[in-house]
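Comments concern the structure below.
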Amino acid sequence: MTTNPELDTFTRHRPRLFAIAYRMLGMRADAEDIVQDAWLRWNATDAQALESAEAWLVTVVTRLSIDRLRSRRKEREAYAGFWLPEPLVAVDDDTPEAAATRADEVSFALLWLLERLSPVERAAFLLRQVFDRDYAEIAGILQKSEAACRQLVHRASLRVRDDEPRFRADADTQRHLLERFILAANSGERAALEALIADTAELVGDGGGKVPSFRHIMRGNTAIANLYQAIARKYAAGVVYRPATVNGAPGLLRYFDGRLESVQACGTDGARITGLYVVRNPDKLAGLPRHLHTLAPGG
């Protein structure tokens, strides 16, 4: 049996490479393209001459991601409504998506905040705050001085810090909260919904111009509770919520008449829901496993 050391090395690092690319770009297909491009470059490189395969691969993926994000800026500026990441709904432990959500923070709330950063700021922030790279390595990757990288991370941290949740609930607490939210959303009981949603909560919708969605951020528990109550009344038994793991945390899948209508990522403070990020753009739902697109009879 022949072995391919270069392939084995790349395969070993692939989950981390996908994780970096996805956090930079927020799109599964773009992240996979970046990883594939990195493989082609790796395959054409003399790996034996490298001091560190991991450092080389991380550098390539980060730089490719910065270039791709820069090229996507005009598209996102022209995007209809708010742009949210493509959700990762992990269905087993062997997919790149599952590996990406296991290791490091990849919440929708964080990715939503990172959209306000420049591509280089985003890379510096992620490499330092999420992947715990030292400043010397970040400087080499970004081809900047350590002092400049420290400033990039500091500036990026200030821009996201004010809106980051102060408390991170564990998965069991989040899951229990969402179970109560599903019951309230199915019943359409406004008082119960309001009690589960923080006064300062926000709801961001992404229809991508393909399906109707809010063109403003909905804020406050009353407005958001009214929305879910109206949906319950309009669709009655035709609307079904199902719990799911979205970007590594408990979230929701919503079905209208048996067909997947949205993936909903939820931010919580442990006691109430602080953010709802509703992805309705069918292009961003297309990559989910096929069995999630429809409900089984009686499901």
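The values are calculated or read from the model by the stated rules, or taken from the named source; none is laboratory data. The structure presented is a predicted model; accordingly, all values stated were derived computationally and were not measured. Methodologically, a virtual Cβ is constructed for each residue, glycine included, from the backbone with ideal geometry; neighbour enumeration extends over all protein chains shown. Ligands, DNA and RNA are stripped out before the accessible areas are found, and what is left, the full protein with its side chains, is counted by its heavy atoms. Shrake-Rupley method; radii C 1.70, N 1.55, O 1.52, S 1.80 Å.
Quick look at the values:
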{"read-out": "Region 60-76 - residue that is open to solvent by 30 Å² or more (accessible area, probe 1.4 Å) and over 19 Å from the mean Cα position of the chain (by Cα) and, of those, nearest to Glu137 (Cα to Cα)", "value": "Arg63"}
{"read-out": "Test: residue in region 215-232 that is open to solvent by 70 Å² or more (accessible area, probe 1.4 Å) and polar (S, T, N, Q)", "value": "no"}
{"read-out": "Among residues of region 1-30, those that are in contact with a Leu (Cβ under 8 Å, 6 or more places away or on another chain), within 17 Å of Arg72 (Cα to Cα) and either free of Cβ contacts under 8 Å to residues at least 60 places away in the same chain or among the basic types (Lys, Arg) (or both), counted", "value": "4"}
{"read-out": "Selection from region 243-284 of residues that are open to solvent by 50 Å² or more (accessible area, probe 1.4 Å), among the basic types (Lys, Arg) and part of a strand (DSSP E or B)", "value": "Arg259"}
{"read-out": "Verdict on His291 being within 19 Å of Leu113 (Cβ to Cβ), of a type outside the set (A, V, I, L, M, F, W, C), at pLDDT below 95 and open to solvent by 30 Å² or more (accessible area, probe 1.4 Å)", "value": "no"}
{"read-out": "Test for Thr95: is it among the hydroxyl-bearing types (Ser, Thr, Tyr) and at pLDDT below 90", "value": "yes"}
{"read-out": "Any hit, region 226-242, residues being modelled with pLDDT of 95 or more and in a loop (DSSP other than H, G, I, E, B)", "value": "no"}
{"read-out": "Filtered residues of region 163-222 (kept if within 20 Å of Phe256 (Cβ to Cβ), assigned to a helix (DSSP H, G or I) and of a type in the set (S, T, N, Q))", "value": "Asn186, Ser187"}
{"read-out": "Among residues of region 250-288, those that are more than 18 Å from Gly238 (Cα to Cα) and charged (D, E, K, R), counted", "value": "4"}
{"read-out": "Elements of type helices (runs of 4 or more DSSP H) contained in region 1-89, each with 3 or more residues being closer than 18 Å to Phe125 by Cα and modelled with pLDDT of 90 or more", "value": "5-25, 53-77"}
{"read-out": "Residues (at pLDDT 95 or above and of a type in the set (Phe, Trp, Tyr)) located in region 118-155", "value": "Phe125, Tyr135"}
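Residues checked against (1) in contact (Cβ under 8 Å) with a residue 24 or more places away in the chain; (2) touching a helix residue (DSSP H, G or I) at 6+ places or on another chain (Cβ under 7 Å); (3) open to solvent by 30 Å² or more (accessible area, probe 1.4 Å):
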{"residue": "Arg175", "(1), (2), (3)": "yes, no, yes"}
{"residue": "Leu178", "(1), (2), (3)": "yes, no, no"}
{"residue": "Leu196", "(1), (2), (3)": "yes, yes, no"}
{"residue": "Ala236", "(1), (2), (3)": "no, no, yes"}
